[in-house]
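The values are calculated or read from the model by the stated rules, or taken from the named source; none is laboratory data. None of these values were measured; they are calculated from a predicted model. Here the Cβ is made from the backbone with ideal geometry for all residues, glycine too, and neighbour counts use every protein chain on show. The accessibility values were calculated without ligands, DNA or RNA, using every heavy atom of the protein model including side chains. Shrake-Rupley method; radii C 1.70, N 1.55, O 1.52, S 1.80 Å.
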Amino acid sequence: MPEQFFHLVEDTVLNIGFDDTDSPKGMCTTYLAYKIVDSLKKEKVEFIDYPKLIRFNPNIPWKTRGNGAVSLKIRTSSPEKIKKKVIRFVTKFSDLKNGANPGVVFFESKAVPDQFTKFSRDALWQLVSRSRAKKFLAENNVDSFHIGNGQGLIGAIGAIGYKFDDHTYELLSYRKRSKFGTKRNIVASSVKQMQESLPKTFNSYDTKKQKVLLAPRGPDPVFFGVRGENVDSVLSASKMIKSDEKPVGHMVFKSNQGTGDHLLNQLDVLSLKPYSSGVITGTVLDEPEMKLGGYVMFSILKQGVKVNCAVYKPTGITQNALNLIKGDVIRVGGGLRKASKNHTRTLNVEFFQVLKLQERKVPANPLCTRCNKRMKSKGRSQGFECVKCGRKKTKKVTMTIPRNLQKRLYIPQSSAHRHLTRPQQRIGITNKESKFDKKIPWFSVY
Ligand code: ATP
């Protein structure tokens, strides 16, 4: 990496947040970040943290893919020049003709005030309006830029304000422009091998389905993305992935991916808002039903409110959901789908945890205590008799049947994970410490 990249300059600390630069047809906000960082090599800037890739509420309807936004934190002697440069890049590279509504926010301060953090926290699980974002910028006198309706300002503010209670890293490698839109030929066995030898990486390969998970399939510039607990592991991983295609470079992001942090808050069932994410603890109200299309519906009761829940087929936990019975107490995490003409308001389940298993009791013929055999009915209202010893009993009994479900957490299989989903191997892991190591090649153009 060029020396001047990390020149110490005493001056302004500039936070730059941006979002909504892409569309389903192309581009990617992280790629724009990579291009901007590359262009900053020519300027006198000092990076004082890893670029951040923050995923916000995955249940908002207008996200392109994973509702991700990016922020950078630099020290610079010429903040105005840098701002102009960033705006030029966002204007040039955003996929405006396919519906991107980019937003850029600049905030000059080393510390990020609490109101940024509050805004960011809300965007993680609620729907935040554009007017709130614009009011926030005006009230706090924050410098910003947007094109279109300014939707991107929400993610841009949030990416600056995000306070990590836990974090992971992702190394994203990018393709040559001529390769955009073409198939990615990644050697599956190399990904499998990498995952086996680097246990601090996660969600790269689905061993059950024998499927590579770390490469997207769309037309975006990302070649692959490796996720892990630390920067060393994702850097080592990227060197182990084999392909006949050579990516052009990489950048490591610090991220809230894999933290499950969008599902930390308890949803208030008395004021459920569409598109919000969170958890509800309640009692199963009815027997779950498998619907056409392979998804399972059931409902839970909390504070007198019935909440419909849906578990979708790709999660791989529909069978477990089917084994719930009335009276089970569960904690469900997910996002609320708005009621429509065809659907009631429904919580799309991202995980469920069984807290209390109701005993399953069914009526059964009485047991002959001498022979340890079930007695036979002698006919309607005629009682029961043991076929072996002739003992008699008059009434049916109730029998407890073992449950096909345990008091534990049920999470989707890795191929159905959302960016924020906490994978099995991260359960119980919280990364608190993070030290920005300038010497590590977190950014590289090959
Ligand atoms: P990618 O993951 O490929 O970068 P994306 O899924 O992040 O794409 P965007 O094009 O960035 O999709 O669209 C998401 C939009 O939603 C952005 O404009 C962002 O500012 C906005 N947004 C993010 N969180 C919220 C929220 N909680 N409420 C309302 N709008 C939000």
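Residues in the stretch 370-387: is at least one out of contact with any strand residue (DSSP E or B) (no Cβ under 7 Å at 6 or more places or on another chain) and crowded, with 17+ Cβ neighbours inside 10 Å?
Looking through the stretch 370-387, none of the residues is out of contact with any strand residue (DSSP E or B) (no Cβ under 7 Å at 6 or more places or on another chain) and crowded, with 17+ Cβ neighbours inside 10 Å.
Being in contact (Cβ under 8 Å) with a residue 24 or more places away in the chain, under 27 Å from the mean Cα position of the chain (by Cα) and surrounded by fewer than 16 Cβ atoms within 10 Å (Cβ to Cβ) is the filter here, so list the residues in the stretch 416-439 that pass it.
Once the filter is applied, which keeps residues that are in contact (Cβ under 8 Å) with a residue 24 or more places away in the chain, under 27 Å from the mean Cα position of the chain (by Cα) and surrounded by fewer than 16 Cβ atoms within 10 Å (Cβ to Cβ), the stretch 416-439 yields GLN425, ILE429, THR430, LYS432, SER434, PHE436, ASP437.
Test VAL86 against the stated conditions and say whether it is within 12 Å of the ligand (Cβ to nearest atom) and touching a helix residue (DSSP H, G or I) at 6+ places or on another chain (Cβ under 9 Å).
Values: within 12 Å of the ligand (Cβ to nearest atom): no; touching a helix residue (DSSP H, G or I) at 6+ places or on another chain (Cβ under 9 Å): yes.
It is false that VAL86 is within 12 Å of the ligand (Cβ to nearest atom) and touching a helix residue (DSSP H, G or I) at 6+ places or on another chain (Cβ under 9 Å).
With the checklist (1) touching a helix residue (DSSP H, G or I) at 6+ places or on another chain (Cβ under 8 Å); (2) without any contact (Cβ under 8 Å) to a residue 40 or more places away in the chain; (3) in the same structural domain as ASP20 (by TED's automatic domain parsing) in hand, flag the one item SER131 doesn't pass.
(1)
Since PRO221 meets every condition but one in (1) at pLDDT below 95; (2) open to solvent by 10 Å² or more (accessible area, probe 1.4 Å), which condition does it not meet?
Among (1) at pLDDT below 95; (2) open to solvent by 10 Å² or more (accessible area, probe 1.4 Å), the lone unmet condition for PRO221 is (2).
Quick one: how many residues across the stretch 141-173 are outside any strand (DSSP E or B), open to solvent by 20 Å² or more (accessible area, probe 1.4 Å), more than 14 Å from the ligand (Cβ to nearest atom) and in contact (Cβ under 8 Å) with a residue 60 or more places away in the chain?
Residues meeting the conditions: 2.
For the stretch 205-217, check the following and say yes or no: at least one residue is part of a strand (DSSP E or B), closer than 27 Å to THR21 by Cβ and either of a type in the set (Lys, Arg) or open to solvent by less than 20 Å² (accessible area, probe 1.4 Å) (or both).
As a first pass, look at the stretch 205-217 and keep what is part of a strand (DSSP E or B): 205-206, 211-212.
Checking which are closer than 27 Å to THR21 by Cβ leaves us with 212.
Okay, now just the ones that are also either of a type in the set (Lys, Arg) or open to solvent by less than 20 Å² (accessible area, probe 1.4 Å) (or both), so none.
No, the stretch 205-217 contains no residue that is part of a strand (DSSP E or B), closer than 27 Å to THR21 by Cβ and either of a type in the set (Lys, Arg) or open to solvent by less than 20 Å² (accessible area, probe 1.4 Å) (or both).
Confirm whether TYR205 is under 15 Å from HIS419 (Cβ atoms) and either more than 16 Å from the ligand (Cβ to nearest atom) or assigned by TED's automatic domain parsing to the domain that holds VAL13 (or both).
Values: under 15 Å from HIS419 (Cβ atoms): no; either more than 16 Å from the ligand (Cβ to nearest atom) or assigned by TED's automatic domain parsing to the domain that holds VAL13 (or both): yes.
So TYR205 does not fit the description; no.
With respect to LEU405, is the statement that it is within 22 Å of GLU350 (Cα to Cα), open to solvent by less than 50 Å² (accessible area, probe 1.4 Å) and in contact with a Lys or Arg (Cβ under 6 Å, 6 or more places away or on another chain) true? So that I can check it myself, show each step before the final result.
Values: within 22 Å of GLU350 (Cα to Cα): yes; open to solvent by less than 50 Å² (accessible area, probe 1.4 Å): yes; in contact with a Lys or Arg (Cβ under 6 Å, 6 or more places away or on another chain): no.
No: the conditions fail for LEU405.
Could you tell me whether the stretch 232-249 includes any residue that is of a type in the set (Lys, Arg) and surrounded by 19 or more Cβ atoms within 10 Å (Cβ to Cβ)? Quick ask: steps written out before the conclusion?
Within the stretch 232-249, the first condition is being of a type in the set (Lys, Arg), and the residues that meet it are 239, 242, 246.
Now restrict to residues that are surrounded by 19 or more Cβ atoms within 10 Å (Cβ to Cβ): none.
No, that holds for no residue.
Pick from LYS25, LYS73, LYS63: which is away from the ligand (no atom under 14 Å from the Cβ) and not assigned by TED's automatic domain parsing to the domain that holds GLY333? Break it down into steps so the answer makes sense when it comes.
Working: LYS25 fails: away from the ligand (no atom under 14 Å from the Cβ); LYS63 fails: away from the ligand (no atom under 14 Å from the Cβ).
Matching residue, one of LYS25, LYS73, LYS63: LYS73.
Among the residues that make up the stretch 308-330, is at least one of them in contact with a Ser or Thr (Cβ under 6 Å, 6 or more places away or on another chain), touching a residue at least 40 places away in the same chain (Cβ under 8 Å) and assigned to a strand (DSSP E or B)?
Of all residues in the stretch 308-330, those in contact with a Ser or Thr (Cβ under 6 Å, 6 or more places away or on another chain) come to 308, 310-311, 329.
If we keep only those that are touching a residue at least 40 places away in the same chain (Cβ under 8 Å) too, we end up with 311, 329.
Restricting the remaining residues to those that are assigned to a strand (DSSP E or B) gives 311, 329.
There is at least one residue in the stretch 308-330 that is in contact with a Ser or Thr (Cβ under 6 Å, 6 or more places away or on another chain), touching a residue at least 40 places away in the same chain (Cβ under 8 Å) and assigned to a strand (DSSP E or B).
Of all residues in the stretch 109-140, count the ones that are open to solvent by less than 80 Å² (accessible area, probe 1.4 Å), within 8 Å of the ligand (Cβ to nearest atom), assigned to a helix (DSSP H, G or I) and not small (Gly, Ala, Ser).
3
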